[in-house]
Amino acid sequence: MKNFKRITKLPEVCGGKPTIRGMRITVADILQLLSGGMTIDEILADYPYLEYEDIKESLQYGALMASHKEFKVSDTPPA
């Protein structure tokens, strides 16, 4: 099991959702920015308190979570 050093879950921060180093930016926020088309460099420029390793761990965390939970997805490929 991967030991995440930059991902925190604190009940008093963002309702206990996984956040970056206890700050009020969630792993989901980072993943949504990336999936929306922002580059890592753009995210780091817009959020100067973030570091490259924060983004990298967010991606690793997201990949791990996706491999452990099932979500409803389309059963037909896009046209």
- With the condition kept exactly as written, say whether any residue in the range 28-36 is at pLDDT 90 or above, touching an Asp or Glu at 6+ places or on another chain (Cβ under 8 Å) and of a type in the set (Val, Ile, Thr). yes
- Where in the range 1-68 are the helices (runs of 4 or more DSSP H), entirely inside, with at least 1 residues that are touching a His at 6+ places or on another chain (Cβ under 6 Å) and of a type in the set (D, E, K, R)? none
- Message: When the residues of the range 13-33 are narrowed to those that are of a type in the set (A, V, I, L, M, F, W, C) and either over 23 Å from Asn3 (Cα atoms) or in contact with a Ser or Thr (Cβ under 8 Å, 6 or more places away or on another chain) (or both), which ends up surrounded by the fewest Cβ atoms within 10 Å (Cβ to Cβ)?
- Response: Val13
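Across the range 60-70, which residue is modelled with the lowest pLDDT among those that are within 17 Å of the chain's Cα centre (by Cα) and open to solvent by 80 Å² or more (accessible area, probe 1.4 Å)?
Among residues in the range 60-70 that are within 17 Å of the chain's Cα centre (by Cα) and open to solvent by 80 Å² or more (accessible area, probe 1.4 Å), the one modelled with the lowest pLDDT is Lys69.
The values are calculated or read from the model by the stated rules, or taken from the named source; none is laboratory data. Everything numeric in this text was worked out from a predicted model, so none of it was measured. Virtual Cβ from ideal backbone geometry, glycine too; neighbours counted across all protein chains shown. Just so you know, the surface numbers come from the protein's heavy atoms only, side chains and all, with ligands and any DNA or RNA stripped out. Shrake-Rupley method; radii C 1.70, N 1.55, O 1.52, S 1.80 Å.
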